[in-house]
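The values are calculated or read from the model by the stated rules, or taken from the named source; none is laboratory data. These figures come from a predicted structure and were not determined experimentally. Note that we place each Cβ from the backbone using ideal geometry, even for glycine, and neighbour counts take in every protein chain shown. The protein model used for the area step is the full one, side chains on, heavy atoms only, and it has no ligands, DNA or RNA in it. Shrake-Rupley method; radii C 1.70, N 1.55, O 1.52, S 1.80 Å.
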Amino acid sequence: MVHIVGAGPGDPELITIRGQKLLSEADVVIYAGSLVNEAILQFCKPEAEIYNSAQMMFEEIMHVISLAERAGKMTVRLHTGDPSIYGAIQEQMDAMQERGIEFDVTPGVSSFLAAAAALKQEYTLPGISQTVIITRRGGRTPVPDSESLKKLAQHQTTLCIFLSVNLLAEVKQDLLSAGFKSSTPIAVVYKASWPGEELILRGRLDTIVNQVKEAKIERTAIIIVGHCLNTKKEDRQMSNLYSPRFSHMFRQSNF
Ligand code: SAH
């Protein structure tokens, strides 16, 4: 049996209880070493076989999994954040299905959520934006033209941009040409939740490129853009959820 597990964004405390349990029972662990915090491997059995997939090709990964299956061992395939977001797990799941290998998936805390926690920010402010777009800028992996950053940004929603901090100058250009003002607030969060390593840069579209250059951030960072980042309390509507004027299933209105 193979368990695909989301390791969370970096802090070992942010793996789920189920993820930690599976990791502590695994005979074989294949972790995405380019991003997973190795401190999380403390949960593994001392005798577990541990592989770093950053140094492996697809077929090698499948080979390790197949050998483990034949030996009746349990494998955890550990991905950073949540495996459904840029985890490249679909091809692995397809290959396992083809080979008749049973697997399941345990979700994880994605880095866009750890970034919100670091920023102490709600992404969905009433009256500002009720939509969060998760995307990346096209680089070595192309993005379909219909969802280019230029097009998506026109909606002026909250944007969480993965895998693109090395393309920040291009990101900025796309956002400007989509109609965002140069004063639009933007944040870059490096290693969100990693103990002792997290770094938060807050700026504007016209300042952030220099800020990131000065901080020498080139990877493991997420870009958050949107008006939610600097709206004042007066600009927002109060959420209906706790409003005395609003009844819902669990509470009657006082009015
Ligand atoms: N599955 C992961 C994303 C993998 S893609 C998730 O759910 O978070 C890798 C990209 O994720 C990085 O380029 C960076 O943009 C982002 N990322 C991963 N971990 C991060 C962290 N701790 N802090 C900030 N960004 C992170």
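Whole number in Å², please: accessible area per residue of the stretch 2-106, 1.4 Å probe, ligands, DNA and RNA not counted. Heavy-atom SASA per residue in the stretch 2-106 reads 49 Å².
Quick check for you: with a 1.4 Å probe and neighbouring chains kept, what is the accessible area per residue of the stretch 117-201, in Å²?
50 Å²
Antiparallel versus total DSSP beta bridges in the chain: what percent is that, nearest 5?
Numbers: 16 of 38 bridges.
Taking every DSSP beta bridge within the chain, about 40 percent pair in antiparallel fashion.
Exposed loop sites were defined as trypsin sites (Lys or Arg not before Pro) in DSSP loop states (anything but H, G, I, E or B) carrying at most 13 other C-beta atoms within 10 Å; in the chain the longest segment without such a site runs 1-98. In this simple spin-label approximation, residue 204 and residue 232 carry label points 7 Å from Cα along the Cα→Cβ vector, and these lie 1.6 nm apart. So for the stretch 113-209, averaging the separation of alpha carbon pairs under 8 Å that are six or more residues apart and normalising by length, what relative contact order in percent results? Reported as a whole number, the value is 25 percent. Assign unit charges at the C-beta atoms only (+1 for Lys and Arg, -1 for Asp and Glu), then state the dipole size of the chain relative to its Cα centre in Debye, rounded to the nearest 20. Once rounded to the nearest 20, the dipole reads 1200 debye.
Residues within the reach of a label modelled at residue 47 (point 7 angstrom out along Cα to beta-carbon, backbone nitrogen below 13 Å), restricted to the stretch 1-33, are 26-28. Note on the stretch 27-172: dipole from Cβ charges, positive end direction compared against 75, 155, 113; the farthest Cα belongs to 155.
Semi-axes of the equivalent ellipsoid of the chain: what are they in whole Å, largest first, if each equals the square root of 5 times a C-alpha gyration tensor eigenvalue? Spell out each step's value before the answer.
Numbers: eigenvalues 265, 110, 60 Å².
Semi-axes from the Cα gyration tensor: 36, 23, 17 Å.
Restriction of the GluC sites (Glu not before Pro) in the stretch 95-142 to DSSP coil positions whose beta-carbon has at most 10 other beta-carbons within 10 angstrom yields 102.
Could you tell me which of rounded, prolate or oblate describes the stretch 132-176, using a ≥ b ≥ c as the square roots of the eigenvalues of the alpha-carbon gyration tensor, with rounded for a/c under 1.5 and, failing that, prolate when a/b is larger than b/c and oblate otherwise? Present the calculation step by step, with values, prior to reporting the outcome.
Numbers: a/c = 1.42, a/b = 1.24, b/c = 1.15.
Verdict is rounded for the stretch 132-176.
Leaving out ligands, DNA and RNA, and with a 1.4 Å probe, what % of the accessible surface on the stretch 1-135 is carbon or sulfur?
In the stretch 1-135, the share of accessible area belonging to carbon and sulfur is 53 percent.
For the pair residue 240 and residue 58, label points projected 7 Å from Cα toward Cβ lie 4.6 nm apart. Remark: the Cα gyration tensor places the stretch 111-235 in the rounded category, a/c being less than 1.5.
Among the GluC sites (Glu not before Pro) in the stretch 163-253, which ones are in a DSSP loop with at most 10 other Cβ atoms within 10 Å of the Cβ? Mind listing them?
Numbers: sites: 170, 197, 198, 214, 218, 234; in loops: 197, 198, 218.
Sparse-neighbourhood loop GluC sites (Glu not before Pro): none present.
Taking a point 7 Å out from the Cα of residue 211 in the direction of its Cβ, the residues of the stretch 82-122 whose backbone N falls within less than 14 Å of it are 119-120.
If you filter the stretch 26-80 for GluC sites (Glu not before Pro), then keep DSSP loop positions with at most 13 other Cβ within 10 Å, what is left? Show your work: numbers first, answer last.
Working: sites: 38, 47, 49, 59, 60, 69; in loops: 47.
Listed in order of number, the matching sites are 47.
Accessible surface of the stretch 143-255, 1.4 Å probe: 51 percent of it comes from carbon and sulfur atoms. Averaging the sequence gap over all C-alpha pairs within less than 8 Å and six or more residues apart, then dividing by the number of residues, gives the chain a relative contact order of 19 percent.
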